[in-house]
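Values in this text are rule-based calculations from the coordinates and carry no lab data. Predicted model only: the values in this text are computed from it and were never measured. Here the Cβ is made from the backbone with ideal geometry for all residues, glycine too, and neighbour counts use every protein chain on show.
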Ligand code: CDP
Ligand code: CDP
């Protein structure tokens, strides 16, 4: 039995992965996996349980026993809707730190693979094409220069009524990029067979179209 089709979209923060993954999934009628949400849920659960970010076995245990449910735009942690809470900056920073722990990544691996169901899945993250779905039908590595990404993030924050300084955002983004690319386990990197797509000068619609074109060129419909 052949497993369901998967398109993986990996890349650094604010390259547009989440937005583009949702639109590609909608165009194809597939499901989406926001793998970053699982790292954020692990972080939030650890914070709630008073487990420190440097307690590797403690955070791994939190990941192993995570009680989560995804329902459209809603995310539940032990029955509580935390869709809003997991987006907090503090939670993102904690997530980015504990994502380096092999025990945390191992605990989340099968949970991510369980999202692969017919007719197909669009999965976004850092290691979707390299570790979680190495046999994916199509792999995209979405990049954009760091200034473009910081400007996108600032616009996103302003729309939420949060003011943000571009220099601070740039500094945070460079730190997060370094942590993601330099860690020993599942570092952020394109798979050997990934299409590297630079969206610095592309609109969201153009980026989505480029991915749907790759999919068609690969002979899939
Ligand atoms: O998931 P990721 O952190 O990679 O990025 P995102 O949250 O999907 O996108 C970050 C922001 O960039 C969003 O506000 C998108 O609307 C915007 N964006 C853009 O302006 N142009 C693109 N080509 C892609 C995303
Ligand atoms: O908002 P941001 O793009 O920084 O992060 P996210 O995609 O929501 O994921 C939160 C954190 O989890 C990231 O900073 C990554 O370090 C980590 N992550 C990971 O290691 N592997 C994944 N497949 C997805 C996220």
Quiz item: Plugging the Kirkwood radius over Cα pairs into Stokes-Einstein for the chain, at a temperature of 25 °C and a viscosity of 0.890 mPa s, what D comes out in µm²/s?
Solution: 138 µm²/s
Exercise. Would you look at the GNM of the chain, springs on alpha carbons closer than 10 Å, and say which of 32, 196, 122 moves the most?
Key: 196
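In what sequence, highest mean first, do 86-96, 109-119, 159-169 appear when ranked by Cβ atoms within 10 angstrom? It would help to have the intermediate numbers written out before the result.
Details: 86-96: 17.5, 109-119: 13.8, 159-169: 10.8.
Listed from highest to lowest mean packing, they are 86-96, 109-119, 159-169.
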Quiz item: Which of these, 181, 42, 203, has the largest mean-square fluctuation under a Gaussian network model of the chain (Cα springs below 10 Å)?
Solution: 203
Exercise. State the extension gain, in nm to one decimal, for the chain segment bounded by residue 159 and residue 69, taking 0.36 nm per residue of separation less the distance between their alpha-carbons.
Key: 29.6 nm
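Let a ≥ b ≥ c be the square roots of the eigenvalues of the Cα gyration tensor of the stretch 1-54; is it rounded (a/c under 1.5), or, if not, prolate (a/b larger than b/c) or oblate? Mind dumping the intermediate values first?
Values: a/c = 2.89, a/b = 1.95, b/c = 1.48.
Prolate, because a/c is 1.5 or more and a/b exceeds b/c.
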Quiz item: For the stretch 184-221 and the stretch 72-99, what is the separation of their Cα centres, given in Å?
Solution: 26 Å
Quiz item: What shape does the stretch 49-99 have by the C-alpha gyration tensor, where a ≥ b ≥ c are the square roots of the eigenvalues, rounded means a/c under 1.5, and otherwise prolate means a/b greater than b/c and oblate the rest?
Solution: oblate
